[in-house]
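This report refers to the structure that appears directly beneath it.
The values are calculated or read from the model by the stated rules, or taken from the named source; none is laboratory data. Note that the structure is predicted; figures quoted are calculated from it, not measured. Here Cβ is always computed from backbone atoms with ideal geometry, including for glycine, and neighbour counts include all displayed protein chains. In case anyone asks, the SASA skips ligands and DNA or RNA and just uses the protein heavy atoms, side chains included. Shrake-Rupley method; radii C 1.70, N 1.55, O 1.52, S 1.80 Å.
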Amino acid sequence: MKNTILIVLIAALATACGNNADSTTEGTPTEQATPQAPAAESSSTAVTVELAGNDQMQFDKNEIRVKAGQKVTLKLTHSGSMGVEVMGHNFVLLKAGTDMAAFAQEAMAAKDNAYIPAGTDAVIAHTKILGGGESDTITFDAPSAGTYDYICSFPGHYALMKGKFIVE
Ligand code: ZN
């Protein structure tokens, strides 16, 4: 009888040890995907933002966060392969209170000016219009704290290609 209990105890101990060994192995930190940074690089005075547009008429970010007073360097890349005539992309940051649909309507008619309405006062900053494989980098001062809209002003794109530019 005593022997049986002892054997059971030993078996239990062995199992416990085995489990410990297992959990130690499982506990080893696994390589994790790089956490999504709010922006590529950020300091108190400057921030770099990378944004991409693809052949499916989509931006890869629908929210960009920066801090008031930062100098923003924004690189827009067209990650697709379609030409600028059929799948052009730009980044247009609109002033607060701009009617996005009305602006897009005006922009549509401004093909000769890279889809930026001439003389508009609704734009804080914008890139060139890009075709597949191209990129453009612009630098501008973050506007005052608030939430702003950004769009691609190529005809018909703003319905999908838009996001919030949040200045904290
Ligand atoms: Zn576009």
Filtered residues of segment 82-103 (kept if out of contact with any Ser or Thr (no Cβ under 6 Å at 6 or more places or on another chain), hydrophobic (A, V, I, L, M, F, W, C) and surrounded by 15 or more Cβ atoms within 10 Å (Cβ to Cβ)): M82, V84, M87, L93, L94, M100, F103
I124: assigned to a loop (DSSP other than H, G, I, E, B) and touching a strand residue (DSSP E or B) at 6+ places or on another chain (Cβ under 8 Å), yes or no? no
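Here is a yes/no grid of residues against (1) open to solvent by less than 50 Å² (accessible area, probe 1.4 Å); (2) free of Cβ contacts under 8 Å to residues at least 24 places away in the same chain; (3) away from the ligand (no atom under 12 Å from the Cβ); (4) touching a Gly at 6+ places or on another chain (Cβ under 7 Å):
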residue	(1), (2), (3), (4)
Y115	yes, no, no, no
D141	no, no, yes, no
S144	no, no, yes, no
Y148	yes, no, yes, no
E168	no, no, yes, no
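Go through segment 93-113 residue by residue and tally those that are over 15 Å from the mean Cα position of the chain (by Cα) and assigned to a strand (DSSP E or B). Spell out how you get there, then give the answer.
Residues of segment 93-113 that are over 15 Å from the mean Cα position of the chain (by Cα), as a first pass: 94-113.
This time we only want the ones that are assigned to a strand (DSSP E or B), so: 94.
Result for segment 93-113: 1.
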Would you point out which residue out of G119, G131 is within 16 Å of the ligand (Cβ to nearest atom) and surrounded by fewer than 18 Cβ atoms within 10 Å (Cβ to Cβ)? G131
Count of residues meeting criterion [away from the ligand (no atom under 14 Å from the Cβ) and assigned to a strand (DSSP E or B)] in segment 64-92: 8
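Would you pick out the residues in segment 150-166 that are surrounded by fewer than 20 Cβ atoms within 10 Å (Cβ to Cβ), of a type in the set (A, V, I, L, M, F, W, C) and away from the ligand (no atom under 12 Å from the Cβ)?
Going residue by residue through segment 150-166, those that are surrounded by fewer than 20 Cβ atoms within 10 Å (Cβ to Cβ) are 155-156, 159-160, 162-164, 166.
Applying the additional criterion that residues be of a type in the set (A, V, I, L, M, F, W, C) yields 159-160, 166.
Matches in segment 150-166: I166 only.
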Can you pull out every residue in segment 53-81 that is within 14 Å of L160 (Cβ to Cβ), surrounded by fewer than 21 Cβ atoms within 10 Å (Cβ to Cβ) and touching a residue at least 24 places away in the same chain (Cβ under 8 Å)? N54, D55, Q56, M57, Q58, K61, N62, G80
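Restricting to segment 40-63, name every residue that is modelled with pLDDT of 95 or more, assigned to a loop (DSSP other than H, G, I, E, B) and among the polar types (S, T, N, Q). Reasoning before the result, please.
Taking segment 40-63 and keeping what is modelled with pLDDT of 95 or more, we get 46-63.
Narrowing further to those that are assigned to a loop (DSSP other than H, G, I, E, B): 54-58, 60-62.
Across segment 40-63, the qualifying residues are N54, Q56, Q58, N62.
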Test I124 against the criterion of being more than 12 Å from the ligand (Cβ to nearest atom) and either surrounded by 13 or more Cβ atoms within 10 Å (Cβ to Cβ) or farther than 12 Å from I64 by Cβ (or both), and give yes or no. yes
